[in-house]
1. Among the numbered conditions (1) modelled with pLDDT of 85 or more; (2) under 23 Å from Y9 (Cβ atoms); (3) surrounded by fewer than 13 Cβ atoms within 10 Å (Cβ to Cβ), tell me where Q38 comes up short.
2. Can you list residue pairs whose Cβ atoms sit under 7 Å apart, with the first residue in the stretch 1-26 being surrounded by 10 or more Cβ atoms within 10 Å (Cβ to Cβ) and the second being modelled with pLDDT under 70 and not basic (K, R)? Count only pairs 6 or more apart in sequence or on different chains.
3. Being in a helix (DSSP H, G or I) and either of a type in the set (A, V, I, L, M, F, W, C) or more than 14 Å from R41 (Cβ to Cβ) (or both) is the filter here; which residues of the stretch 58-69 pass it?
4. Condition (residue is surrounded by 15 or more Cβ atoms within 10 Å (Cβ to Cβ) and at pLDDT below 90) applied to the stretch 52-67: is it met by at least one residue?
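The values are calculated or read from the model by the stated rules, or taken from the named source; none is laboratory data. Only a predicted model underlies this, so the values are computations on that prediction, with no experimental measurement involved. As a convention, Cβ positions derive from the backbone with ideal geometry for all residues, glycine included, and neighbour counts pool all protein chains shown.
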Amino acid sequence: MILGQEIIYNFAMFISKIMDYQNLSDEQFKRRFGVYKQTDRKMVESVKSVEADSNSPSKRGPKPKLSIEEQVLVTLEYWR
């Protein structure tokens, strides 16, 4: 499982460092990830609200290396 996590982490680093996705136009963003920026923002808000509702005081495991925004983008890129 460590290999899979390493691949995802490296891919996310590629997205955040090489491809500055925040500076893409709406059309370029859609071409790259398959959704518009506005849709991406709504998806991130939904994930954050679900995560906030399910947050318990005894959280287990390590902290994620990727932000929620990056997790959504990695998922969209994978599905694309």
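1. (2)
2. From the stretch 1-26, the pairs are Y21/I15.
3. Passing the criteria: only I68.
4. yes
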